[in-house]
């Protein structure tokens with residue numbers, strides 16, 4: 001009976017350790033003091049919310065560490081059916097789409113927001129051992145989500 005009880009306790013401890021290690025990353029509030037850690041190239045995936053595929057490669061480049069933040073999001077080599085939606089001045093010869101932003105500011109929730117007319121990008125930072133940025137965008141009547149990691 002004691003052996004069964006001990007095995008049960010060990011099982012509960014193991015299960016709780018597994019659940020804690022699988023917990024979602026906690027949002028890191030962006031402040032002026034941690035902006036330098038965001039500068040540089042990030043790469044990952046963008047999903048336009050159409051279909052169930054894995055998404056398309058994307059880059060986020062952040063150029064400076066003092067507001068207003070400047071940078072760009074690049075959706076790499078999109079299929080023709082997506083690329084044709086975007087304006088010609090945002091596309092490259094290989095169907096990559098570049099969204100420049102020059103006015104991103106830190107909002108009250110500690111995320112970066114860039115807006116130009118109806119177009120907008122919101123970026124949330126998750127620091128820690130494997131930092132990442134999750135973003136939402138609305139650009140040229142197209143919306144989607146992206147997730148990038150520091151390279």
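Look through 49, 8 and report the one residue that is in contact with a strand residue (DSSP E or B) (Cβ under 8 Å, 6 or more places away or on another chain) and at pLDDT below 95.
49
Considering each residue of the range 58-85, count those that are closer than 13 Å to residue 48 by Cα and in contact (Cβ under 8 Å) with a residue 24 or more places away in the chain, and give that number.
Of the residues in that region, 4 qualify.
Taking the range 92-151 on its own, how many of its residues are crowded, with 16+ Cβ neighbours inside 10 Å, out of contact with any strand residue (DSSP E or B) (no Cβ under 7 Å at 6 or more places or on another chain) and free of Cβ contacts under 8 Å to residues at least 40 places away in the same chain?
The total comes to 1.
The values are calculated or read from the model by the stated rules, or taken from the named source; none is laboratory data. A quick note: this is a predicted structure, and the numbers were derived from the prediction, not measured. Backbone-built Cβ (ideal geometry, glycine too); neighbour counts: all protein chains shown.
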